[in-house]
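> Quick one: the structure is below, questions incoming.
The values are calculated or read from the model by the stated rules, or taken from the named source; none is laboratory data. What you see is a predicted model, and the numbers here were worked out from it, not measured in a lab. No Cβ is skipped: glycine too gets one built from the backbone with ideal geometry, and neighbour counts run over all protein chains shown.
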Amino acid sequence: MSCIKCSILIDEKSDKFIRCDLCSRFIHVVCLELSDAEVKWFTLRPNSRRRIKFICCECEQNVNQIPKLITLINGWQNKIKNLNERFSELRNCTGDVATTSNTSV
Ligand SMILES: [Zn+2]
Ligand SMILES: [Zn+2]
């Protein structure tokens, strides 16, 4: 496994590293420029309730983009709604053509 930031291979035995809780990739503690006290919170055992979730810089950027994504999705939902309305209008115009084709047998 290699560090997200410097892409140098992480030595599990000698290097201090943290795993991102979102993408599960690893990063050197030294690459984070965190204080020892801050690092302690992130490196507590995963099952510890006091452990703080660590999110790497890349995921943080993605998280920041979520509000943009939500407005994008809202726009799509409106478009889909409009399409559905037009579709049901069209269905009303054509009547029950689809159902009568099967009864001719
Ligand atoms: Zn690194
Ligand atoms: Zn990440």
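> Is there any pair linking a residue in segment 54-69 that is without any contact (Cβ under 8 Å) to a residue 60 or more places away in the chain to one that is assigned to a helix (DSSP H, G or I) and loosely packed, with under 12 Cβ neighbours inside 10 Å, with Cβ under 9 Å and at least six apart or on different chains, and which?
55/63
> Still on this structure, please answer the following. Under the condition of being assigned to a loop (DSSP other than H, G, I, E, B) and more than 9 Å from ligand 2 (Cβ to nearest atom), which residue from segment 14-29 is surrounded by the most Cβ atoms within 10 Å (Cβ to Cβ)?
Step one: filter segment 14-29 for residues assigned to a loop (DSSP other than H, G, I, E, B), giving 14-16, 20-25.
Next cut, more than 9 Å from ligand 2 (Cβ to nearest atom) only: 14-16.
Numbers: 14: 6, 15: 14, 16: 12.
Of everything passing the filter in segment 14-29, 15 is surrounded by the most Cβ atoms within 10 Å (Cβ to Cβ).
> With the condition kept exactly as written, say whether any residue in segment 57-65 is among the charged types (D, E, K, R), surrounded by fewer than 10 Cβ atoms within 10 Å (Cβ to Cβ) and either modelled with pLDDT under 90 or away from ligand 1 (no atom under 16 Å from the Cβ) (or both). Break it down stepwise before answering.
First, pick out the residues of segment 57-65 that are among the charged types (D, E, K, R): 58, 60.
Still in the list and also surrounded by fewer than 10 Cβ atoms within 10 Å (Cβ to Cβ): none.
No - not one qualifying residue is present in segment 57-65.
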